[in-house]
Amino acid sequence: MTVQKKDMRSDSDLLAAIKRSGYLLESEIASILARAGFFIESNQVIEDPITGKSREIDLIAEYYDGYDNLSPDQKVCSKINFVFEIKNNSYPLVLMTKFEFSPNIEIWESLKEMQTIPEGVDASSSDGFYEKLLANNKEALYTQYCSFGHKKDNTNNELMALHPEQVYTGLSKITQYCEEQMERWVDFGTDRYYRRFLFLPVLLIKDDLYELTLDTKLQPELHKVDESKLVFNYYFKGTPKISTIWVVTKKGFMTFVKNMIKIERQMEEEMCAVRNTTNPKTNDATII
């Protein structure tokens, strides 16, 4: 009788394999956010529009802590829903080709921002997420990305710049989720709440993020950063769409989150000030 040999791999071997896979990074980020006062949803699913199979969203998070001083009677809510794709990248990720103005592109559509405005509330008297995050922000947007690897038939073992399929797939998932969440509000009923919600796709990588720029002689320069923004084009249900995706390293993750929460809090305080100057009479709701 043949006796199967027992696999004697050590715990350290197993942990090393988990670390390389990226599963541990997802767990770390979820734990950090939970301790920081976030609601966490791990491994939520969407339906692949081509195959019909389920596809996992790594992490969805929204902040709930620290709003006790806002009166519920004001019926005001500002919320950022973070939608994370998390990659334990082996090679650096580089963003390049700056986004340039074109009258054919409505860049405000790249933020998945929803609002409901009761009658009598002048929403134009305060900035929305678009103004705070893009319109009044002088940081560059980029429209292309690449990573690196070695081709199997590369006899010189040269490092090759490439467009990783797993990154593209991840970006497609989180933007699809944000579009579906926006779609849920199209037929939303009326109430008295003044809301501004943002569904924010985030690509979180473990290490090494660069921006590539061109100097005055059009020579490329690399700048290492911990946060940048990628303009991503895609189709959703047969319609061309555009989304701004925040790309963040693990090192810059908490700074990014804290800054976003400050903006969310500032938004809500400004909305409360607007609401205090009005006396809504009906329950109309609109979506942008």
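Observations
- The condition (being touching a strand residue (DSSP E or B) at 6+ places or on another chain (Cβ under 6 Å) and under 26 Å from Ala123 (Cβ atoms)) is satisfied by just one residue among Phe256, Phe199: Phe199.
- Enumerated strands (runs of 3 or more DSSP E) restricted to the stretch 57-163, each holding at least 2 residues that are surrounded by 16 or more Cβ atoms within 10 Å (Cβ to Cβ) and either modelled with pLDDT under 90 or not aliphatic (A, V, I, L, M) (or both): 76-87, 112-116, 142-149
- Residue in the stretch 40-49 that is in contact with a Leu (Cβ under 8 Å, 6 or more places away or on another chain), of a type in the set (D, E, K, R), at pLDDT 85 or above and surrounded by fewer than 16 Cβ atoms within 10 Å (Cβ to Cβ) present: yes
- Qualifying positions in the stretch 127-165 - over 30 Å from Met260 (Cα atoms) and among the small types (Gly, Ala, Ser): Gly149, Ala161
- Here Ala34 clears all of (1) farther than 15 Å from Val202 by Cβ; (2) in a strand (DSSP E or B); (3) modelled with pLDDT of 90 or more except the condition numbered (2).
Yes or no, residue by residue, for (1) at pLDDT 95 or above; (2) surrounded by fewer than 17 Cβ atoms within 10 Å (Cβ to Cβ); (3) within 19 Å of Lys138 (Cβ to Cβ); (4) under 24 Å from the mean Cα position of the chain (by Cα):
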site	(1), (2), (3), (4)
Thr190	no, yes, no, no
Val202	yes, no, no, yes
Leu230	yes, no, yes, yes
Lys241	yes, no, no, yes
Val247	yes, no, yes, yes
Met260	yes, no, yes, yes
Arg275	no, no, no, no
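The values are calculated or read from the model by the stated rules, or taken from the named source; none is laboratory data. A quick note: this is a predicted structure, and the numbers were derived from the prediction, not measured. Using ideal geometry, Cβ is built from the backbone for each residue, glycine included, and neighbour counts are taken over all protein chains shown.
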